[in-house]
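A short write-up of the structure that comes next.
A short reminder: the numbers here are calculations on the coordinates, not readings from a lab. What you are looking at is a predicted structure, and each value in this text was computed from that prediction instead of being measured. Cβ sites come from the backbone with ideal geometry, for glycine too, and all protein chains shown count toward neighbours.
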Amino acid sequence: MINDMNPRDIVGEFQETVLNLYGGMQRKVFYTGIETPYPDGKLIVSTTDPTGIITHVNQAFIDMSGYTEEELIGAPHSILRHPDMPSAAFKDLWDTVKKGEKWQGFVKNLRKDGGYYWVKATVVPNIRKGVVVGYTSVRRKPSRTKVEECMKLYPTLF
Amino acid sequence: MSFLFTVSPDFTPDRLSGWYIFNTWLQKQTGVAIHLEMYSGFNSQREAIRQDEVNLIYVNPYDAAMLVREKGFLPLAKPVGESDEAIIAVSASNPVSDVAELAPGIRLAFTDDPDVKMMGMIMLEPGDLDADNMQSMPCDTYVQVAKHLLRGEADVGIFLAEAYDGVSEMIKKQLKILVRSQISVIHHSLMIGPGLLDKREQFQQCLLGMTEDEKGRGVLESLGFKAWEKVDDEEMEFMIDLMDTLTI
Ligand SMILES: Cc1cc2nc3c(=O)[nH]c(=O)nc-3n(C[C@H](O)[C@H](O)[C@H](O)COP(=O)(O)O)c2cc1C
């Protein structure tokens with residue numbers, strides 16, 4: 001289950017749109033132009049079950065997303081989906097990790113307060129005794145030049 | 001027949017005798033004959049692992065994946081409160097205050113400590129710096145890394161945070177930290193392998209009980225550890241997956 005965003009949580013002037021998520025789910029989101037800088041020296045870590053439901057987050061994930069741990073655990077990972085991200089990126093992510101391979105890419109994430117943050121993400125399958133039991137994503141600070149390239153490229157992928 | 005125990009070559013030099021004391025204690029407690037072999041570098045240690053000569057190892061997180069996935073090792077314990085963190089530092093006289101201001105072509109000093117180097121390189125990535133656009137200055141010790149910075153022979157240094165914190169105040173005053181990692185889930189661990197696996201629980205109990213008597217506490221002190229804490233299989237698998245995301 002994923003709830004619509006709440007206008008009362010939003011900080012600053014915002015726009016509104018509806019995201020069409022996997023499995024026919026829809027989510028109304030509100031987003032602002034306010035960027036939260038990536039915290040130096042930290043990794044943002046989360047783990048999902050095989051379907052993309054969040055099962056673990058670290059403190060940096062909680063701090064950067066603006067949600068509480070209770071709100072995150074059990075939610076689909078698309079809770080961070082930003083409308084500026086082309087769905088082709090996530091199709092590539094899922095196609096890659098389902099083959100058992102690592103995926104790496106630059107992602108703009110949506111915060112609970114409507115702001116955003118850019119990350120360089122790496123996703124790997126968690127294989128235990130030969131079975132994929134979930135996926136782990138570890139994000140690090142992206143370089144500004146790479147982010148600027150993505151800001152040019154991603155709008156062309158819609 | 002005696003089993004072979006080895007320690008990751010990045011151990012703090014002051015702790016060399018501590019590891020011998022620990023090995024003597026471990027043999028007394030478990031009744032198992034164990035020979036401690038200290039290899040001079042990662043390459044010779046990895047070769048011994050490849051030849052299946054090693055049965056017990058205090059291992060760098062970088063080598064943990066190979067030990068678990070290719071050699072059938074399992075985790076025993078890790079030192080309480082210790083995690084591997086890295087620091088990116090420059091000379092205090094360097095006007096740069098952010099990794100993003102560093103230019104390609106800079107001279108990078110580092111040791112061959114694999115997990116620290118990996119974390120350091122990740123912290124340099126935001127400045128578009130990688131192995132291809134920096135000049136490498138490999139060093140034997142962190143003190144050497146510091147000296148290269150002070151003498152202006154290197155522009156940037158990668159340090160194990162603990163080693164950086166341990167250098168003299170006089171040197172630290174002449175250095176400047178650009179980034180300190182706060183990862184907290186990457187750590188060295190003691191792992192047990194083929195030949196000794198049937199003794200895993202016995203070894204684990206001995207290690208976790210070390211704080212309970214004076215002898216054990218003395219041995220821990222000589223290693224610079226407060227206590228051992230159990231590492232279960234899933235915690236190790238999680239760290240291996242995490243390391244896997246960081247090696248690309
Ligand atoms: C381990 C893991 C981490 C993910 N992290 C993110 C993330 O940080 N932000 C995001 O928008 N999608 C992330 N995704 C992708 C989402 O599952 C989802 O595919 C994406 O948000 C697009 O939504 P949709 O698939 O419902 O269209 C992650 C997926 C996995 C498996």
Listing A:V119, B:V32 by rising number of other beta-carbon atoms within 10 angstrom, fewest first, gives B:V32, A:V119
Counting all Cα-Cα pairs in region B:1-95, those more than 17 Å apart amount in percent to 58 percent
Considering chain A as a Gaussian network with a 10 Å cut-off on Cα pairs, which listed residue, A:I44, A:I127, A:I62, attains the greatest mean-square fluctuation? A:I127
Can you tell me the 0 to 90 degree angle between the C-alpha axis of helix B:233-246 and the longest principal axis of chain B, rounded to 10? 20 degrees
Other chains' Cβ within 10 Å of A:107-113 residues: what's the mean? 0
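Starting with the fewest neighbours, write out B:D63, A:D95 ranked by other beta-carbon atoms found within 10 Å of each beta-carbon.
Least to most surrounded, the residues fall as A:D95, B:D63.
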Expressed in angstrom and ordered largest first, the alpha-carbon extents of the protein assembly as shown along the principal axes are 70, 51, 37
The residues B:L74, B:L67, sorted from fewest to most surrounding Cβ atoms within 10 Å, come out as B:L74, B:L67
The Rg/Rh figure for region B:86-180, Cα atoms and Kirkwood Rh, to two decimals is 0.91
Partner shielding of B:240-248, as the mean number of partner chain Cβ atoms within 10 Å, equals 6
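Can you give the translational diffusion coefficient of region A:86-158 in µm²/s, computed by Stokes-Einstein from the Kirkwood radius over Cα pairs at 4 °C and 1.567 mPa s?
Estimated diffusion coefficient is 96 µm²/s.
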If one takes the longest principal axis of the Cα atoms in chain A, at what angle in degrees, from 0 to 90 and to the nearest 10, does the Cα axis of helix A:87-98 lie? 20 degrees
At 25 °C and 0.890 mPa s, the Stokes-Einstein diffusion coefficient in µm²/s for chain B, with hydrodynamic radius from the Kirkwood sum on alpha carbon pairs, is 128 µm²/s
Count charges around B:P13 for me, please; just the other residues with Cβ under 14 Å from its Cβ, Lys/Arg as +1, Asp/Glu as -1. -4
Taking the Cα centre as origin and putting +1 on Lys and Arg beta-carbons and -1 on Asp and Glu beta-carbons, what dipole magnitude results for the protein assembly as shown, to the nearest 20 debye? 420 debye
Per-bin percent of Cα-Cα distances, region B:65-120 [5 Å]: 4, 12, 16, 18, 18, 9, 7, 9, 6, 1
Alpha-carbon Rg with Dmax, taken over region A:7-157, Å: 15.0, 49
Quick one: among B:T12, B:T141, B:T111, which has the greatest mean-square fluctuation in a GNM of chain B with alpha-carbon springs under 10 angstrom? B:T12
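Of the DSSP beta bridges with both residues in chain A, give the percent that are antiparallel, rounding to the nearest 5.
95 percent
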Tell me the net charge near A:V18. Cut-off is 10 Å between Cβ atoms, A:V18 excluded, with +1 for each Lys or Arg and -1 for each Asp or Glu. 0
Where is the GNM fluctuation largest for chain A (alpha-carbon springs, 10 angstrom cutoff): A:T145, A:T47, A:T55? A:T145
